[in-house]
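Just so it is clear, none of the values below were taken in a lab; they were calculated from the coordinates. Everything numeric in this text was worked out from a predicted model, so none of it was measured. Positions of Cβ are backbone-derived with ideal geometry, glycine not excepted, and every protein chain shown enters the neighbour counts.
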There are 2 protein chains.
Amino acid sequence: MSREYPQDSVGLVQPQVLHFDQPLELVCGQTLNSYTLIIETYGTLNKDGSNAVLICHALSGNHHVAGYHSDDDKKPGWWDSAVGPGKAIDTNKFFVVCLNNLGGCHGSTGPASINPETDKPYGPDFPIVTVRDWVNSQVRLADHFGIQQWAAIVGGSLGGMQALQWSIDFPERLRHCLVIASAPKLSAQNIAFNEVARQAISRDIEFHDGHYYGENTVPRTGLMLARMLGHITYLSADGMGEKFGRELRSDNISFDFTPQFEVESYLRYQGKRFSTAFDANTYLLMTKALDYYDPAAEYDNSLSSAVAQTQCKFFVASFTTDWRFSPERSREIVDALVDAGKQVSYAEIDAHHGHDAFLIPIPRYMEVFSAYMKQVEADTPAIESHDTVGGTDNAC
Amino acid sequence: MSREYPQDSVGLVQPQVLHFDQPLELVCGQTLNSYTLIIETYGTLNKDGSNAVLICHALSGNHHVAGYHSDDDKKPGWWDSAVGPGKAIDTNKFFVVCLNNLGGCHGSTGPASINPETDKPYGPDFPIVTVRDWVNSQVRLADHFGIQQWAAIVGGSLGGMQALQWSIDFPERLRHCLVIASAPKLSAQNIAFNEVARQAISRDIEFHDGHYYGENTVPRTGLMLARMLGHITYLSADGMGEKFGRELRSDNISFDFTPQFEVESYLRYQGKRFSTAFDANTYLLMTKALDYYDPAAEYDNSLSSAVAQTQCKFFVASFTTDWRFSPERSREIVDALVDAGKQVSYAEIDAHHGHDAFLIPIPRYMEVFSAYMKQVEADTPAIESHDTVGGTDNAC
């Protein structure tokens, strides 16, 4: 007997693997002759293909956005709080498509995949992919489903960059662009943190210049350090203080190097868990995609010019204590859109969670997000409501 | 022929090595039966020993605060901008004492020193030292010079914690306490960054559980990562942006993992330089001293109670963009002192340099610092002015 899932959950879901044989020319100059994308979809595509929503993932995300992979699954997908029947992205109304990006390590073609030219894993030879490359690969995905125009493309953080790039490169193919907790390009400090993470990984003796797949090892220490560092930048200083303070794990100070403060123990745990679950070469690629993202660069550093030809409406949201991509960075996007005469709704949400806030169902955030998605719905005349909840509606 | 030094430089200086044979009981419960402190002094101690100023160093600092060690020296000591004839800490007026703290790696007894009990380097067996231990060792230094009461004790960052601890533990032995860019205890975020640095060092395969001295190696990668990370927290996001922006090192993006942005190259350089100049075990000890510092802890977490018995006057300064020890943290100290009815001057300096600002001769900062030191001078009746400048006055 199948487990009972909450009424507002998409329930049991199954990833799909799609193969693409049309060569994909990448920004770096290399070409992927063929590639695989692993995806999940929730809800039902309507007849004219007008109710589709694409969700783009961030640095360590993947295609498993909502629901459960098995009845034993303890945790649902990474954005289950926002995607499901009746939720902000309502799967009764929308056909939701999520993928693992190229270069990923969750089933799409990436560094651990076999390079058909060598019959060995790509490893460090996997080409550097950019946000624009991901968008190009996502266009193929839209074509696969016969989606001429997305009702909305939604993304947080690095996902928001993909949504923004869609609006610039394929203005006719989306009606709404939702850019959450993102930035129009990295700051020097953002790049600096990425560089420390990359050095930690690539200087790990187990990295073997990226060829660790054949060595029966992985650069665990490097990945652990990268994740620990990442975690600090995902949380606000105040949020971290509220969560951990200076709480000691035992009553006495031990005067040695065992973890004594709760925050040390938490970070070590998170780092270790990540180091066995994520691919090091993918981590390097994702940070490079972040560093290189700068849509204004080819428009004489004018973001307003970069977005001048966009045709969709925009929703931009930021969180007060996010210091990775602060509200100021979101306002740069908003200002450019306003300058260019585009229609944009902006919400700055009070939250103590730092950058992580975009993944958390903060009431005010969910309220404005849902309200905006109602507008997306209103702009999708042929929408058909599907009241079926749970897993039965999710096969695709 | 000796090189010409600037008029306001202490000129050529020579460190002094002092041996102490009276056992020092440490907070951790262990005892150092004997130890060495390397120091430098500038200016002349007056007859009644009332014009002495102690400068306490921060995480990676040392005894070489001002002047030059040789005519070939390109750079002066780490706080040369504030210490010299006519400078904020005027060596024409004050006898300035600076030391490398216990556990250090610049000449004082530390992990690389020979443990008399084993005839081998202490390595990881060097006891964990705390801010209070440093103060106790500095008391011996005062006694050595016959300094009954310091005119002032001055420190930035971790150095400020030592100054504050002096005022609490030895209220009669200082007239002024200058706490710059410091905090009454670390935040969870501060501890978290320290923990990443410690993990980077201690998981480096060259660390050998701290016994690398015998292995003819040092954990360079770990130290490099720790320093790169440290550097990010020493600079403000805006300051880093102004300094490096997203400047590329060459005109084209190379789509590989070579350093492409100026900020990457800068951090790698700083990290590498540090990794061959600093001792890994010392770095671990210094971060632990920071983590453990919490003078309010034994006063029911009341900082006002902790400072209730202090007798000196205080100068507290912070810098607007310092996010390692933000102005808010300095105000906690000020508020506690005010609550306890103490005399305190507080300056919040506009500066875009982040935490590093305390080492930089920002005009407004130097102005208020100098003005306060004039007050210290006024409170030192027996002060004798020495107009001799340059190196001749520095032997001690």
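For region B:137-160, the candidate set comprises residues that are surrounded by fewer than 23 Cβ atoms within 10 Å (Cβ to Cβ) and polar (S, T, N, Q); within that set, the residue that is farthest from residue B:315 (Cα to Cα) is B:137.
Only one residue in B:266, B:292 is at the interface with chain A (Cβ under 10 Å from one of its Cβ atoms), hydroxyl-bearing (Ser, Thr, Tyr) and under 20 Å from residue A:195 (Cβ atoms), so which one is that?
Numbers: B:292 fails: under 20 Å from residue A:195 (Cβ atoms).
Being at the interface with chain A (Cβ under 10 Å from one of its Cβ atoms), hydroxyl-bearing (Ser, Thr, Tyr) and under 20 Å from residue A:195 (Cβ atoms) holds for just one of B:266, B:292, which is B:266.
If you go through region B:90-117 and pick out every residue that is assigned to a loop (DSSP other than H, G, I, E, B), within 16 Å of the chain's Cα centre (by Cα) and closer than 22 Å to residue B:146 by Cβ, you end up with 4.
Considering A:281, A:252, the condition of being more than 10 Å from chain B (Cβ to nearest Cβ) and either surrounded by fewer than 16 Cβ atoms within 10 Å (Cβ to Cβ) or touching a Cys at 6+ places or on another chain (Cβ under 7 Å) (or both) is satisfied by A:252 alone. When region B:221-249 is limited to residues that are buried (at least 20 other Cβ atoms within 10 Å of the Cβ) and over 26 Å from residue B:326 (Cα atoms), the one that is farthest from the other protein chains (Cβ to nearest Cβ) turns out to be B:222. Take the conditions (1) under 22 Å from residue B:192 (Cβ atoms); (2) more than 10 Å from chain A (Cβ to nearest Cβ); residue B:312 misses just one of them, which is (1). Comparison of A:143, A:133 shows that the only residue that is within 12 Å of chain B (Cβ to nearest Cβ), part of a helix (DSSP H, G or I) and more than 30 Å from residue B:222 (Cβ to Cβ) is A:133.
Inside region A:33-61, residues that are crowded, with 22+ Cβ neighbours inside 10 Å and more than 21 Å from residue A:149 (Cα to Cα) make up a count of 2.
Restricting region B:203-227 to residues that are among the small types (Gly, Ala, Ser) and within 15 Å of residue B:276 (Cα to Cα) leaves a set whose member that is nearest to the chain's Cα centre (by Cα) is B:226.
Can you find even one residue in region B:295-306 that is surrounded by fewer than 22 Cβ atoms within 10 Å (Cβ to Cβ), within 21 Å of the chain's Cα centre (by Cα) and either of a type in the set (S, T, N, Q) or in a strand (DSSP E or B) (or both)? No: region B:295-306 contains no residue that is surrounded by fewer than 22 Cβ atoms within 10 Å (Cβ to Cβ), within 21 Å of the chain's Cα centre (by Cα) and either of a type in the set (S, T, N, Q) or in a strand (DSSP E or B) (or both). The condition (being among the basic types (Lys, Arg), out of contact with any Phe, Trp or Tyr (no Cβ under 6 Å at 6 or more places or on another chain) and over 24 Å from residue A:271 (Cα atoms)) is satisfied by just one residue among A:203, A:140, A:198, A:173: A:173. Do we find a residue being within 14 Å of chain A (Cβ to nearest Cβ) and aromatic (Phe, Trp, Tyr) anywhere in region B:341-353? No, the conditions are met nowhere in region B:341-353. Taken over region B:79-100, the residue count meeting the criterion of being touching a residue at least 60 places away in the same chain (Cβ under 8 Å) and either touching a His at 6+ places or on another chain (Cβ under 7 Å) or of a type in the set (D, E, K, R) (or both) is 7.
Looking only at region B:206-220, filter to residues that are within 11 Å of another protein chain (Cβ to nearest Cβ) and among the charged types (D, E, K, R); which one of those is farthest from residue B:353 (Cα to Cα)? Out of the qualifying residues, it is B:209.
Scanning region A:198-233 for residues being without any contact (Cβ under 8 Å) to a residue 24 or more places away in the chain, among the polar types (S, T, N, Q) and more than 22 Å from residue B:189 (Cβ to Cβ) gives a total of 2. When region B:315-326 is filtered for residues that are aromatic (Phe, Trp, Tyr) and either within 14 Å of chain A (Cβ to nearest Cβ) or not in a strand (DSSP E or B) (or both), the ones remaining, listed by number, are B:323, B:325. Counting just the residues of region A:93-121 that are under 20 Å from residue A:215 (Cα atoms) and buried (at least 23 other Cβ atoms within 10 Å of the Cβ), which one comes out farthest from the other protein chains (Cβ to nearest Cβ)? Step by step, filter region A:93-121, then rank; the result is A:110.
So, residue B:189, is that one assigned to a helix (DSSP H, G or I) and at the interface with chain A (Cβ under 10 Å from one of its Cβ atoms) or not? Answer is yes for this residue. Of everything in region B:17-58 that is under 20 Å from the mean Cα position of the chain (by Cα) and of a type in the set (Ser, Thr, Tyr), the residue that is farthest from residue B:104 (Cα to Cα) is B:42. Of B:24, B:54, B:45, all but one fail to be over 25 Å from residue B:383 (Cβ atoms) and aliphatic (A, V, I, L, M); the exception is B:24. Within region A:167-186, the set of residues being without any contact (Cβ under 8 Å) to a residue 60 or more places away in the chain and either among the acidic types (Asp, Glu) or assigned to a helix (DSSP H, G or I) (or both) comprises A:169, A:173. For region A:327-380, a residue qualifies if it is in a strand (DSSP E or B) and closer than 21 Å to residue A:151 by Cα, and the qualifying residues are A:344, A:345, A:346, A:347.
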